[in-house]
Each structure stands twice: as C-alpha cells, then as structure tokens.
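The values are calculated or read from the model by the stated rules, or taken from the named source; none is laboratory data. Everything numeric here is computed off the predicted structure, so don't read it as measured data. Methodologically, a virtual Cβ is constructed for each residue, glycine included, from the backbone with ideal geometry; neighbour enumeration extends over all protein chains shown.
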Ligand code: HEM
C-alpha cells in the first residue's frame, strides 16, 4: 500500500525519462564500490555537516547592505520558485549561481530574513532530502542541474526545487500550477494582481493575516475548479500555509514590525527577487506558527481532485496542520523512502545524517525521532550513524489514495530567465494613496 504523496512521487520517479540527465553521469549497473567512487566525483565523501544553530544576534539589522549588493543573475545562474531564495542568491547570501549546501541555505535564511532556526531547518531539509544531492551536499534552487553532482540510482530524482509534487506544489500565490503550463518557477503577473486585489479588499492595502486567509482559500478554489490534478496534501499542505504567512512574518521591515506587508515590497520580493532599499530584517527570529490563523479562517482538509476538476476528496492518510511531527514523519517515511528504497554506502550515510538534521527542526516540539533506515548508537548520542546493513524498520500503513499520474517536466540546464528579469512597476505607482506610509 502506498500513501498519497508517495504514490505521486513514485509515479513521477518511475516515469522519469532516462534521457533526462546527461548520459555520462548514468550510474545504472555499477557495483556498490563503483557507485561510491562515481559519487565522490565532487571530492572525497564525508558525512555532511550539521546545519548552524540560532543566530547569535537575532534582532533587526540592515540586510540590503554594501556586502550584499543586488546583482542580476547571469544566464547560467539558476533561479527557482522560491522568491526568498532567489533574493538571497541575487544578493549573494547564498551562492549566486543558485546551487548551495543546505547548511548554508539555513544560515542565509536566518541571516537575511531572520527566519527562526527551526523553521529554516524544517523548510530547507524537507526540500533538500527530496530535491537535493545528499552525497555531494548540494541543492539547486530551481531546475535540475549537473552542477549538483552525479545522480544516485532511480527512482531518486534530485531535480532541484522545481520538481513538482515532492515539495513544490499547487496553489502558489504568484506562480502557476504545474498543470497549467509546466512552469512552476516564473512570476505570474495575473496571479500577483489577485494578491494585490485581496490585499486591498481584505487587508486595507497591505498583505496581512486577514488577506492571507482569504487569498489562500481563493488559490485553493482556483485549483479545485481548474486543475484536474490539483492536490494540497502533505507536504504541500505545510509549505502552502507557511508560504502564505512568510511574507507577513519575514518581509515586513523589522523597524515597522506590524505584520502589514507593503505591496511595493511584496512586488520587490515576488517579482524582482530583490531586497527593498534600506531593508532591515525582522526584529526577532520568526516562525510560521501563525499559519494556524490562516487555516482557521477557512479550514481546508488535505486532499486533491481525484477524477477531474471539482472532485476534491479529502485524503484521510495525510497529516494535517499544525501537526508538524506527523508531517515530518510522513515526509521521511513515505516521500523520502519512495525515492530512496534501498540506499547503500555513502548515500545511506548521507541520508541518515540529513534525516537527523531534519528531525532537529521538530525536536523542540517533542516529536519522536524516527529512523527509517535503521538505528544504531555510536556511543556519542549520534543514533543516525549506523552500519550500512542495519535492518529496515517496519513502516506504518498510511493506506491508499487514488491519484492520476502526472507528466514529468522537461529538465535541462538552460535557465528560464523570465522570473528574474522583471523591472517592477511599484504597487505604490498603481495605487499611491493606499500605500502611503
Ligand atoms: C529555507 C529554505 C527554503 C526553501 C527550501 C524554500 C523552498 C520553496 C519552494 C520550493 C517554493 C515553491 C513552492 C510552490 O510554489 O509550490 C517556495 C515558495 C515560497 N517561499 Fe520559500 N523556501 C525557503 C525559504 C524561504 C524564506 C526564508 C522565505 C521568506 C522570507 C520564503 C518564502 C516563500 C514564499 C512567500 C513562497 C511562495 C511563492 C508563491 O506562492 O508565489 N521561503 N519556497
């Protein structure tokens, strides 16, 4: 029996065309030793380092500073569906080429946006373990790239953040659904006009929790009514609600600190991926816990269309918000294990380490650590280091949820620059009275 997301993941993974990646990195048919050697093409393997802890200074400060100037990405640089990571790359907080390590991405999310350490780890590692290369410790923030290193064996995808339905998903606020045209990355002006409209109608000209609650419902209904493959079950459930409140928590200048996002600042982040001039990060490390306010406005059960548009069906097997423990557990036990059914050697070591780093993001919530690839103590409280042949644990039965398979996007190393070359017309120009500070 397979769960909802894992069924989708499996369908995507098994449908992956062999030609999706250059032939010289194909690892099919190699022995374990050959595989390990091939995987070390990016230097000798060592267990990936843990993510950084909380910031020493967690207050507000200028982050659009002289050391981090905005620079347009080069043609070869990768950008993706997350406007915040695109911003961090455009300002050099992460590698400007759009490929970096998870620990550096966590550090940058804290440094640039004052994202709480636990939220930064939860977001980053939940995406990294399904979209990144755990052996080379590299993640593409957009499309699949050979620069993250040789692929592990299929059904692993290592497709970068653009990969649909293992983390990226439907009902984004300013990006189209994968079903619409396969482009989950580009800023969409029509959708952003909806964001603006809802901010005027429900937020008095600012994007706030009230506007967020209404706009989240609108985007969900858009998907149910227009996208036959629409789904908003775990892990998309968490990311959709987190992304609804991130702009309120993380994009309001720390000196303003009132949870009311200016719309010219919203455009600067969403479209141009650029810190507004003189932008100061939030006044304290910010979680996404107020996503519960957005959920409470119009509670939506996780699920998806199962037989065309307007056939939304609740998925009884998907974890629900705000149960982060179950979201973590489901993601590791199902989505990850579907992609990595039988890892060995360095890959297994890297997976164990990353799964543990992911766990540290929910540790303070009292969640129980799980060991989907076995558990062995090393005598120093590092339970995830284990002999490679440790027996598998029994998996819980999440049941079956019907879902039509989706087509894979065409992956290539040519960046799609549309999302990062925009010259934003500010919302202040569009409606100056409502935006006066
Ligand atoms: C820490 C590592 C992070 C990762 C791995 C990550 C990943 C992603 C991904 C994959 C998406 C696309 C989701 C989708 O549309 O289906 C996304 C969207 C988004 N992210 Fe991030 N993100 C991170 C950090 C942040 C931070 C620090 C912020 C805010 C400051 C942020 C704000 C957003 C917003 C607002 C969206 C929604 C875009 C939209 O709906 O149009 N993210 N992120």
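Brief remarks on what is shown
- Per the listing 205, 213, 169, the residue uniquely within 22 Å of the chain's Cα centre (by Cα), more than 9 Å from the ligand (Cβ to nearest atom) and in contact (Cβ under 8 Å) with a residue 60 or more places away in the chain is 213.
- Selection within region 293-310 - touching a helix residue (DSSP H, G or I) at 6+ places or on another chain (Cβ under 9 Å) and exposed (fewer than 14 other Cβ atoms within 10 Å of the Cβ): 296, 298, 310
- Hey, residue 117 more than 10 Å from the ligand (Cβ to nearest atom) and either over 22 Å from residue 336 (Cα atoms) or buried (at least 24 other Cβ atoms within 10 Å of the Cβ) (or both) or not: yes
To keep it simple, each residue is scored yes or no on (1) within 12 Å of the ligand (Cβ to nearest atom); (2) under 18 Å from the mean Cα position of the chain (by Cα); (3) within 21 Å of residue 212 (Cβ to Cβ).
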{"site": "266", "(1), (2), (3)": "yes, no, yes"}
{"site": "269", "(1), (2), (3)": "yes, yes, yes"}
{"site": "281", "(1), (2), (3)": "yes, no, yes"}
{"site": "301", "(1), (2), (3)": "no, no, yes"}
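- Residues in region 85-112 that are surrounded by fewer than 24 Cβ atoms within 10 Å (Cβ to Cβ) and near the ligand (Cβ under 8 Å from one of its atoms): 112 alone.
- When 177, 183 are checked against the criterion of being surrounded by fewer than 22 Cβ atoms within 10 Å (Cβ to Cβ) and under 19 Å from the mean Cα position of the chain (by Cα), a single residue qualifies: 183.
- Note on region 250-279: residues that are closer than 12 Å to residue 84 by Cβ and modelled with pLDDT under 95 amount to 0.
- Any hit, region 284-302, residues being part of a loop (DSSP other than H, G, I, E, B), at pLDDT 90 or above and within 23 Å of residue 65 (Cα to Cα): yes
- The lone exception for residue 234 - which of (1) away from the ligand (no atom under 12 Å from the Cβ); (2) modelled with pLDDT under 95; (3) closer than 27 Å to residue 311 by Cα; (4) part of a helix (DSSP H, G or I) it fails: (4)
- Pick from region 216-231, criterion surrounded by fewer than 21 Cβ atoms within 10 Å (Cβ to Cβ) and in a loop (DSSP other than H, G, I, E, B), ranking: farthest from the ligand (Cβ to nearest atom): 228
- Listed conditions (1) within 22 Å of residue 327 (Cα to Cα); (2) within 14 Å of the ligand (Cβ to nearest atom) are all met by residue 156, apart from (2).
- Any hit, region 173-187, residues being closer than 30 Å to residue 342 by Cβ, away from the ligand (no atom under 11 Å from the Cβ) and in contact with a helix residue (DSSP H, G or I) (Cβ under 6 Å, 6 or more places away or on another chain): no
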